[in-house]
1. Pick out, from Phe216, Thr242, Tyr284, the residue whose Cα sits farthest towards the positive end of the charge dipole of the stretch 80-316, with +1 on the Cβ of Lys and Arg and -1 on the Cβ of Asp and Glu.
2. What number comes out for the charge environment of Ser125, summing +1 per Lys or Arg and -1 per Asp or Glu over other residues with Cβ under 12 Å away?
3. Give me the distance in nm between label points sitting 7 Å out from Cα along the Cα-to-Cβ direction at Ile54 and His147, one decimal.
4. What aspartates and glutamates could a cross-link reach from Lys268, if we take a straight Cα to Cα line under 18 Å and drop same-chain neighbours fewer than 8 places away?
5. Hey, if you put +1 on the Cβ of every Lys and Arg and -1 on every Asp and Glu Cβ in the chain, which of Ile391, Phe264, Ser94 ends up farthest toward the positive end of that dipole?
6. Take the alpha carbon gyration tensor of the chain, find the square roots of its eigenvalues, order them as a ≥ b ≥ c, and report rounded if a/c is under 1.5; if not, report prolate when a/b exceeds b/c, else oblate.
7. Below 10 angstrom from the Cβ of Ser354, what's the summed charge of the other residues (Lys, Arg +1; Asp, Glu -1)?
8. What spacing in nm lies between the two simple spin-label points modelled at Ser363 and Glu179, each 7 Å away from Cα in the Cβ direction?
Amino acid sequence: MHKGKPIRNLAAAAKGPMPKNIQRNQDLLRKAWRIGAENVWDTLPSEVSKIFSIGDDTEKKREEFLGSEYSNIEIGWFNLPHVTADRFAGRLISAPYGSTVWTGSISHGLHQLFSCPEVIKEDRSKIVYTGEDFSGIKQSADLFTRHINRFGASYELQQVSSKDGNRFDLEEYLSTLDEQVSLAILPHIGFMNGQRITDQDIQKVADRCRELGILFAIDGGHAIGEKFIDITKLNPDVYLSTLMKEGSGSAGSAFMYLNPNIDFNPTKTSWLSHSNPFSHQGTYMPANNVRQRFYGGTPSIATYYQCIEGARIYIEAGFEEVERDMSDKIEDAIAILQKGGVNIISPTDRENRSQLIVLTVQSNPNNIRDELFEEHGIRVYPNEISSQGTIERLIRLSPHISCPLEESNAACETIAKVIRQHS
């Protein structure tokens, strides 16, 4: 049981600290629900719709994309997913208006991608990913290949080996890509090793995929909240991410960028993605709007009230300020942990390090996690991973923008001390 000290949340791979505005938003959600404004045809009261606004040029972008008649569109149940995806999630990766869609979870978005004819091709039979990908990526790919192979296909998975056992190997990855590959998946930040793959390396992969006609997807599950991401510069076909972790959002706040140049047609979808959903026809006809094809059934309205506030903090603070703040925290954290004798297996150099700092420990990481929280009010994320007959004991931590530099540094000093005591 936590002893009442102020909680300092440095847990990576878990929900980030809850923004203060969440309670207000939940109260407004209950108000809108109570008066019936979450019904299909109703628009939200102005008091409620204000929370979905943010000071930027979104309205201008909306008008350019949809036409002047949509410049002052009212926010309601039906278009709330579009509005929040563009104003909040899309802004964090500088996505063009109309190219971002909420998916609930990265895994769900990936399964929808697997259902697209743009992935399932008769003349191709391989999916490529890396050893640093999150287990959900690997398992989703495994499930897809096993499912489609039941119907006569011969898809196979190819995992690209790491350099020196723990680093992304660009040349090895590029050499794996050929005209048999249907989909190439790359982690923006490796779940296993915390390495941020550089923009230059990602661009080289994107260019090779274009040359070979391979669909290119990036898993950006840990990439939000540290650096400015220019999705048009990275140039993937798909970018999957979430606000749940370092983005201080809620569970269910995953989103996906869809390259506007590709006419995706997922079959894992449903009525809300129909060209005329309220006609309730028995035959599916895809919506003209590509991202609407990914909405499927009734959206989880409550999620949008909660997931936007973490994104708002980053957008209003400004990306340059966020990068400076996070760079200082990451650099200090690494220096303090190294001085404290902790073994860091994630990169420590500026080019490849990330906000996901991965430590190896000798004893049960769950015990370390419990002591840090119960005695010191510090949250970290423990892992025990079995691989080839050995058990790797890990602690993952991530400085957050919400934690002042002095508190983050003090927490890292305590983390190092407790790890030493458990050695």
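A short reminder: the numbers here are calculations on the coordinates, not readings from a lab. These numbers were taken from a predicted model, which means no experiment stands behind them. Here the Cβ is made from the backbone with ideal geometry for all residues, glycine too, and neighbour counts use every protein chain on show.
1. Checking the options against the dipole of the stretch 80-316, the answer is Tyr284.
2. -2
3. Using points 7 Å along Cα→Cβ, the separation is 3.2 nm.
4. Within the straight-line limit of under 18 Å, Lys268 reaches these aspartates and glutamates: Glu118, Asp142.
5. Result: Ile391, furthest along the dipole toward the positive end.
6. oblate
7. Combined, the nearby Lys, Arg, Asp and Glu give +1.
8. 5.9 nm
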